[in-house]
Amino acid sequence: MKVSAIPLVFFGMFLGGFQAAAFQETAGSASNSPTMPFVIELRSVVETSRETLTLYDLLENPQAVPPEWIRTFQGIALGPSPSVGSEKTVRTNQLGPYLMKLLASLGVQPESVDLSIPERIVLRRKAAALNTEIIEDLYRAYIRDHAPWDTSEMEIRDIVISGLATMPDGHVTHEIEAPQHTSFVGVVPLTMHFFVDGQRVRSLRVAGKILVRRTVLFATQNLRRDTVLGPEHVEFREMVVSDPERIYATRLEDVVGHRVVRPVRAWQPLEMAFLDKPLCITTGKPVTIIYQEGSLKLSARGESKDNGAQGDWIRVVNVASQKTVKARVVDEATVTLTP
């Protein structure tokens with residue numbers, strides 16, 4: 001905690017700049033001096049959660065002071081409060097004369113007021129500590145709510161908090177931001193903004209390591225390009241996902257009947273990018289060739305000269321004319337010509 005002792009010049013901004021005109025609004029109501037002396041007692045220790053101190057904050061006995069004085073004291077800013085969690089000590093040797101000058105501007109007779117002023121006043125700014133466990137819980141909750149992974153597949157660990165975990169006392173709320181295009185795997189940084197009574201007072205950078213363990217299909221042997229996969233070619237194994245851009249096969253139906261479009265090493269996880277669509281038509285298979293334009297529809301027997309998946313363009317021979325044409329695969333037995 002930072003502690004400093006400074007003279008009353010800390011209050012210089014209002015001692016030198018005081019103007020009686022600022023209190024003319026209340027002077028009339030206070031001009032009738034009380035018959036019994038009022039006691040104005042100031043605190044020796046002042047704690048505040050606000051950024052700016054007022055003369056009212058110094059009062060030990062505000063309930064004993066006339067309401068019109070209270071309004072005046074609340075309107076006099078003494079200057080900024082100490083920084084959060086710190087304190088300052090001020091000497092008060094000039095405070096008595098200032099208060100008497102202030103009250104005189106309100107039409108108050110000096111003999112009607114007794115002042116009780118300590119030699120020094122300690123000014124403290126209240127601070128609320130951000131619980132580390134709460135910050136870590138906020139981080140985990142955000143990751144679970146926004147990551148594309150199943151929560152059972154994720155492990156969140158090694159959370160590190162950067163920044164001051166203290167703030168002014170008050171009602172605390174928060175907002176959390178993640179960088180654009182966050183992958184939610186590996187080291188994931190978040191920025192947490194904290195607000196006290198609606199005003200942002202602190203931002204913390206919080207980062208953790210996200211591990212994603214998934215059960216995916218691995219090749220059980222070296223696979224050549226164009227190998228059509230069967231159950232014997234694959235096996236389920238668990239792995240740690242390091243790149244969210246890679247999509248791995250997680251179901252047998254994702255791979256069986258598909259062909260690989262590139263060589264795959266034994267015990268390499270199968271990415272969906274390695275696999276072509278399942279073949280509908282193989283070389284030498286009889287097919288029906290469909291030609292349609294408007295209401296005109298023709299069909300002919302053909303024979304495939306290529307392997308093809310749904311949507312692929314393959315070569316097909318018209319059995320009747322022996323002419324080879326390019327046709328698009330519709331299903332296991334049909335191809336179509338485009339007009």
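Per-structure values
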| read-out | value |
| --- | --- |
| Residue match in segment 236-258 (condition: within 25 Å of the chain's Cα centre (by Cα), surrounded by 13 or more Cβ atoms within 10 Å (Cβ to Cβ), over 30 Å from THR334 (Cβ atoms) and not aliphatic (A, V, I, L, M)) | yes |
| Selection within segment 50-72 - open to solvent by less than 50 Å² (accessible area, probe 1.4 Å) and either closer than 25 Å to VAL196 by Cα or assigned to a strand (DSSP E or B) (or both) | LEU53, THR54, LEU55, ASP57, LEU58, LEU59 |
| Output for segment 184-203, where each listed residue is within 19 Å of GLU136 (Cα to Cα) and among the small types (Gly, Ala, Ser) | GLY186, SER203 |
| Strands (runs of 3 or more DSSP E) completely within segment 128-216 that count 2 or more residues being open to solvent by 80 Å² or more (accessible area, probe 1.4 Å) | 154-162, 172-177 |
| Unique residue being at pLDDT below 90, among the charged types (D, E, K, R) and under 20 Å from GLY311 (Cβ atoms) when the list is ARG214, ARG259 | ARG259 |
| Failed item in (1) over 28 Å from PRO179 (Cβ atoms); (2) hydrophobic (A, V, I, L, M, F, W, C); (3) in contact with a helix residue (DSSP H, G or I) (Cβ under 9 Å, 6 or more places away or on another chain); (4) modelled with pLDDT of 85 or more, with MET154 passing the rest | (1) |
| Filtered residues of segment 77-102 (kept if open to solvent by 10 Å² or more (accessible area, probe 1.4 Å), touching a Ser or Thr at 6+ places or on another chain (Cβ under 8 Å) and at pLDDT 85 or above) | ALA77, PRO80, LYS88, THR89 |
| Given (1) out of contact with any Cys (no Cβ under 9 Å at 6 or more places or on another chain); (2) touching a residue at least 24 places away in the same chain (Cβ under 8 Å); (3) within 27 Å of PRO231 (Cβ to Cβ), number of the condition VAL325 does not satisfy | (3) |
| Out of ARG237, ARG213, ARG251, sole residue that is of a type in the set (Lys, Arg), touching a helix residue (DSSP H, G or I) at 6+ places or on another chain (Cβ under 8 Å) and either in contact (Cβ under 8 Å) with a residue 12 or more places away in the chain or under 25 Å from THR151 (Cα atoms) (or both) | ARG213 |
| Which numbered condition LEU337 misses (of (1) within 28 Å of GLY257 (Cα to Cα); (2) surrounded by fewer than 14 Cβ atoms within 10 Å (Cβ to Cβ)) | (2) |
| Residue in segment 267-277 that is in a loop (DSSP other than H, G, I, E, B), at pLDDT below 90 and within 28 Å of PHE236 (Cα to Cα) present | yes |
| Every residue from segment 291-330 that is open to solvent by 30 Å² or more (accessible area, probe 1.4 Å) and in a loop (DSSP other than H, G, I, E, B) | GLY294, SER295, LYS305, ASP306, ASN307, GLN310, ASP312, VAL319, ALA320, SER321, GLN322, LYS323 |
| Count of residues meeting criterion [outside any strand (DSSP E or B) and either among the polar types (S, T, N, Q) or closer than 30 Å to ASP169 by Cβ (or both)] in segment 80-106 | 14 |
| Considering residues of segment 103-126 that are of a type in the set (Asp, Glu) and in contact with a Pro (Cβ under 9 Å, 6 or more places away or on another chain) only, the residue most open to solvent (accessible area, probe 1.4 Å) | GLU111 |
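The values are calculated or read from the model by the stated rules, or taken from the named source; none is laboratory data. Nothing here was measured: the structure is a model prediction, and the numbers come from that model. With ideal geometry, Cβ positions are generated from the backbone for all residues, glycine too; neighbour counts draw on all protein chains shown. Just the protein is used for accessible areas: all its heavy atoms, side chains included, with ligands, DNA and RNA removed. Shrake-Rupley method; radii C 1.70, N 1.55, O 1.52, S 1.80 Å.
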